[in-house]
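The values are calculated or read from the model by the stated rules, or taken from the named source; none is laboratory data. The structure presented is a predicted model; accordingly, all values stated were derived computationally and were not measured. In this analysis, Cβ positions are derived from the backbone assuming ideal geometry, glycine residues included, and neighbour counts consider all displayed protein chains. Surface accessibility is based on the protein's heavy atoms, side chains included, excluding ligands, DNA and RNA. Shrake-Rupley method; radii C 1.70, N 1.55, O 1.52, S 1.80 Å.
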Amino acid sequence: MNALDRCTVHEHDVIVIGAGGAGLRAAIEASAAGVKVGVICKSLLGKAHTVMAEGGMAAAMGNVDDRDNWEVHFADTMRGGQYLNNSIMAERHAKDAPARVRELEAWGAVFDRTKEGKILQRNFGGHRYPRLAHVGDRTGLELIRTLQDHGIHQGIEVFMEMTVVALLKSGGRIAGAIGYDRERGRLRVWKAKAVILATGGLGRAFRITSNSWEGTGDGQALAYHAGAELLDMEFVQFHPTGMVWPPSVRGILVTEGVRGEGGVLRNSEGKRFMFEDIPDAYKAQVATNEEEGWRYVCGDKNALRPPELLTRDHVARCINREVKAGRGSPHGGVFLDIGWIREKLPNASDHIKRKLPSMYHQFKQLAGVDITSETMEVGPTTHYSMGGVAVDGQTQASCVPGLFASGECAAGLHGANRLGGNSLSDLVVFGKLAGEHAARFAKANKAVEVDPAEVEAHVAAIEAPFSRSGGENPYAIHAALQDTMQDLVGIVRTQSEMERALEAIAALHARHAKSSVTGHREYNPGWHTALDVGCMLTISEAITRCAIERKESRGAQFREDFPQKCAECATFNLIAKKAPDGSMEVHRRPLVPTRPDLAAVIEKMK
Amino acid sequence: MPPIHAPLSTATTTRRVEFRVWRGDSSGGQFQSYTVEVTEGMVVLDCIHQIQASQASDLAVRWNCKAGKCGSCSAEINGQPRLMCMTRMDTLPDGQPVTVEPMRTFPSIRDLVTDVSWNFRVKKRIKPFKPRKPDNPDGSWTMFQVDVDRVQEFRKCIECFLCQDVCHVLRDHHKHDEFIGPRFLMYSAMLEMNPLDTENRIADLKHHDGIGYCNIGKCCTKVCPEHIGITDNAIIPMKERVVDEFYDPMTRLFRMFKPR
């Protein structure tokens, strides 16, 4: 019996891999274009990592401050990304985000309101004006539930709890995907004219992360092995505020919304250390004293933002510095204090519970801390990958015909550092674009046949962990990889440590090739981990190689051996690609040129 | 200067706890014992992960966020429907074994994982959101916070299905074909109370969704990890609307003379 006959085969025009915000928005758009669409989710529908997004969705609607418009949002995004962003994507993102927010409302989302009955917007790091449409601190849940509840009525076929292990190609074009279902462990092949990757992030490659178990870099690894290019992989965002205590919750996100609502960072000496280090690019935008910062939080249009609302890369580094200098909190973080606003607001406790309900419960239940009166301990946590599959800024197409990507697993919009709130808007703006162009591709091209020999090779790889015995437990390999990436390719990087990381990753590759799993194929998490680890090894190598090649500190990348920005490095992105001999090659690619009119906008907003 | 925690010791004390975890599938199963090293702050899901990593790599469990936001890790802990990720070990009785078993209202797949697909089919049957025409030229609506507070309460639902698990109409009487359960009674209420919605789901609630089966025992409300007032704020108002529409004498009289 040939391998293809052992697989359950599905046929669609467009297959979307991933059912978070980007995947669902892409599927809705493709389906609206009249093609047959399937969505493959690694978990149950509506559980993707998008649910964990808290603070909001950036869109220059100007509901709270009418000075806001797409030009300001565009310039903020480029500045935050240290000008390595694809300016075409940043332009589209800034222009389209307001319409995408209103579309969510038309589909049932219920955002917090202004006094005038409009969608309320809140302050966030790096955004000049209050810009984040939000629902308390559970905006991601609102977004995914809205897309889910709308999407189930759009004729989309949903494959829950199934994992794609490889993309299939024929004659250089995408032909579909192969994977397994968790419930029975059966092999599945999805034939498709076009495939959209929307698999999200890769934080599980690090020990301390805010990412759910799904964030294993699947889309990036699938694309890489299918011949697509990965862009900007060195830029991994360490969110400044993750929980640090107790140990079992280390890394869980504490929304930037806490700082947007007036939360301040202090070291063990009680000092607001963020005032001491303000980057030149932001000097003209930051408050000079605590009193002015509070006025900004209260909506005073003449006040400048408090330094806690600088970009995430910078805040994370400042926290790291305080901890290393011995001015940290008892468990290796710093103090985040929102309760202090009691001095300013008569009903502060209720206000905090209403604006930050998840944070209140999260700390109360998991750490026994009442954030309305006690300080939180926070520290950096691996949060987001700015890098990912390189795509065309107009279509979200990768260099492999028929392969598209959107959301976190794609790259370009955020450059060297993402602004908070720009991710949820990214998902819907570029999810829609990917859906539109994948459907167009599927209509313009005939189906291609999958290659049985290719299927056979993948089936062998999928089943390999069962065919070996006495090998290492895949959980142990995963844990070793997380330690390697956390300790050697983390928030502060040096050449020698990263070279050690490359050696360690190579050794883990060898161990992974011999690992084995026990039990049978039905819902066997050991087996799933064995396959996920393969993806994480690939993307970890890409992160490390690109981080070595970028010999400067910029945005999310901080090199202790090259602590400054270098002018030459401002001219290129890095591409990681599979060479014909199977090794990973990294090369420089000049930035996408910025159109003169966009360059003028950047200049005007400086 | 706000209060700052007194410096705590970073060294944690470890205790050994016996776990009795249900292992099996649709054909049956039994509790199996494992010993877990429990340190400060650990939740039940951490213990399950420890068992997976060191003793039983094929122990099936569904989880995603480990922060109480996705609603994947629902189970019955010491007989109580809970999220494993939000159940701290120090809230369970000391010195006794901890039992963990799957939600019993849904068919078993394997170990702690159940087949909850019925819920997804039920949701698809409910008439979707149908907004009135936008109020403003840019496609937006004018709504005030006070008008959306209640709807937002229902929209906090993380679809953990613990309310479905504990509801006796489903758990003991297996009325899955006639009753949509608290989660979807509340979902219908959420749509009905949305100020923009123009659809009417009251007849469906009476005739197809089995709202009459609910005898407001409030078990659902008690287990909701999001503390949503499922019974008081969603189900009872919907019951009242059903009564208004179908049993109110004036409405009935009016209906008798209404041209068909």
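Once backbone amide H atoms are built at 1.01 Å from N, B:MET42 has B:MET89 as its partners under 5 Å, excluding neighbours fewer than 5 places away on the same chain. For the pair B:THR39 and B:ILE236 in one chain, pulling the backbone fully straight at 0.36 nm per residue adds 66.6 nm over the alpha carbon distance.
For chain A, what does the relative contact order come out to in percent, with C-alpha contacts under 8 Å and a separation of six or more? Relative contact order here is 22 percent. On a per residue basis, the range B:1-138 carries 44 Å² of accessible surface, using protein heavy atoms and a 1.4 Å probe. In whole angstrom, the protein assembly as shown maps to an equivalent ellipsoid with semi-axes of 37, 34, 30, each derived as √(5λ) from the alpha carbon gyration tensor and ordered largest first.
Can you give me the accessible area per residue for chain A, using a 1.4 Å probe, in Å²? Show your work: numbers first, answer last.
Working: 18720 Å² over 606 residues.
Using a 1.4 Å probe on heavy atoms only, each residue of chain A averages 31 Å².
Across the range A:539-581, the volume of the C-alpha convex hull divided among the residues equals 88 Å³ per residue.
Sum -39500 (n - 2.57) across every DSSP H segment of at least 4 residues in chain B, then divide by the residue count to get the 222 nm mean residue ellipticity, nearest 500. It would help to have the intermediate numbers written out before the result.
Details: 10 runs with 84 residues, N = 260.
Rounded to the nearest 500, it is -9000 deg cm²/dmol.
Projecting label points 7 angstrom from Cα along Cα→Cβ for B:ASP172 and B:HIS207 puts them 3.1 nm apart.
For an R0 of 41 angstrom, estimate the FRET efficiency from the Cβ-Cβ distance between B:LYS127 and B:ASP25 and round to the nearest 0.05.
Values: r = 36 Å, r/R0 = 0.88.
Rounded to the nearest 0.05, the efficiency is 0.70.
Between B:HIS227 and B:ARG104, what FRET efficiency comes out of the Förster formula 1/(1 + (r/R0)^6) with R0 = 30 Å and r the beta carbon distance, rounded to 0.05?
Details: r = 23 Å, r/R0 = 0.77.
Using R0 = 30 Å, I get an efficiency of 0.85.
Heavy atoms of chains A and B lose about 5900 Å² of accessible surface on contact, summed over both sides with a 1.4 Å probe. Of the residues B:THR14, B:THR114, B:THR142, the one that moves most in a GNM of chain B with alpha-carbon contacts below 10 Å is B:THR142. Taking 0.36 nm per residue of sequence separation and removing the Cα-Cα distance, the A:THR571/A:ASP66 pair yields an extension gain of 178.4 nm.
Eigenvalues of the Cα gyration tensor times 5, then square-rooted: what semi-axes does that give for the range A:177-310, in whole angstrom, largest first? Present the calculation step by step, with values, prior to reporting the outcome.
Details: eigenvalues 351, 70, 37 Å².
After diagonalising the Cα gyration tensor, the semi-axes are 42, 19, 14 Å.
Amide H contacts under 5 Å for B:THR114: B:ILE109, restricted to partners 5 or more places along the chain or on a different chain, H placed in the peptide plane at 1.01 Å from N.
For chain A, the longest principal axis of the alpha carbon atoms and the long axis of helix A:70-80 meet at an angle near 80°.
Our note on the geometry: Cα centres of the range A:208-272 and the range A:60-104, 22 Å apart.
Taking a ≥ b ≥ c as the square roots of the eigenvalues of the Cα gyration tensor, the range A:333-384 is classed as prolate, since a/c reaches at least 1.5 and a/b is larger than b/c. Shape of the range A:468-590 from the C-alpha gyration tensor: prolate (a/c of 1.5 or more and a/b above b/c, with a ≥ b ≥ c the square roots of its eigenvalues). Here the Debye sum runs over all C-alpha atoms of chain B as equal scatterers in vacuum, and log10 of I(q)/I(0) at q = 0.10, 0.16, 0.17 Å⁻¹ comes out as -0.63, -1.18, -1.27. To test your reading of the geometry: what angle, between 0 and 90 degrees and rounded to tens, separates the Cα axis of helix B:181-193 from the longest principal axis of chain B? Long axis of B:181-193 versus the principal axis of chain B: about 50 degrees. Using only the alpha-carbon atoms, how far is helix B:44-54 inclined from the longest principal axis of chain B? Give it as 0 to 90 degrees, nearest 10. The helix B:44-54 is inclined about 50 degrees to chain B. In this rough spin-label picture, where each label sits 7 Å from Cα along the Cβ direction, the A:ASP581-A:ARG354 distance is 6.6 nm.
Hey, what number do you get for chain A at 222 nm if only DSSP H runs of n ≥ 4 count, each worth -39500 (n - 2.57), divided across all residues, to the nearest 500?
Numbers: 16 runs with 216 residues, N = 606.
Rounded to the nearest 500, the figure is -11500 deg cm²/dmol.
Averaged over the residues of B:143-151, the number of partner chain Cβ atoms lying within 10 Å of the residue Cβ comes to 4. Summary of the geometry: the range B:46-110 and the range A:318-376, compared by the centres of their Cα atoms, lie 28 Å apart.
For chain B, B:CYS47, B:CYS73, B:CYS85, B:CYS157, B:CYS160, B:CYS167, B:CYS214, B:CYS219, B:CYS224 stand unpaired, since no other cysteine beta carbon lies under 4.7 Å from theirs.
With springs only between Cα atoms under 10 Å apart, run a GNM on chain B and tell me which of B:VAL146, B:VAL98, B:VAL242 wobbles the most. Of B:VAL146, B:VAL98, B:VAL242, the Gaussian network model singles out B:VAL146 as fluctuating most.
Please report the antiparallel percentage of the DSSP beta bridges confined to the protein assembly as shown, to the nearest 5.
Details: 67 of 93 bridges.
Antiparallel bridges: around 70 percent, rounded to the nearest 5.
In terms of overall dimensions, the C-alpha atoms belonging to the range A:256-311 reach 32, 25, 19 Å along their principal axes, ordered largest to smallest.
Ignore the peptide's own chain and count Cβ atoms of other chains within 10 Å of each Cβ in A:113-122; give me the average, rounded. Mind dumping the intermediate values first?
Values: counts 9, 3, 2, 2, 10, 6, 3, 1, 0, 0.
That works out to 4 on average.
In the range A:522-562, which residues have a backbone nitrogen under 17 Å from the label point lying 7 Å from A:THR494's Cα in the Cα-to-Cβ direction? Label zone hits: A:548-549, A:551-553, A:558-562. Can you tell me the FRET efficiency between A:GLU290 and A:ALA476 if r is taken as the Cβ-Cβ distance and R0 is 60 Å, rounded to the nearest 0.05? It comes to 0.80.
Checking every one of the trypsin sites (Lys or Arg not before Pro) in the range A:491-522 against DSSP loop status and a limit of 15 other Cβ atoms within 10 Å picks out A:LYS514. In chain A, what percent of the accessible surface is made up of carbon and sulfur (1.4 Å probe, ligands and nucleic acids excluded)? For chain A, the apolar C and S fraction of the accessible surface comes to 51 percent. Equivalent ellipsoid of the range A:243-381: semi-axes from √(5λ) of the C-alpha gyration tensor, largest first, are 23, 20, 12 Å.
Straight-line reach from A:LYS577: taking Cα to Cα under 23 Å and skipping same-chain neighbours fewer than 8 places apart, the lysines in range are A:LYS169, A:LYS551. Reported value for the range B:33-124: 108 Å³ per residue, from the convex hull of its C-alpha atoms.
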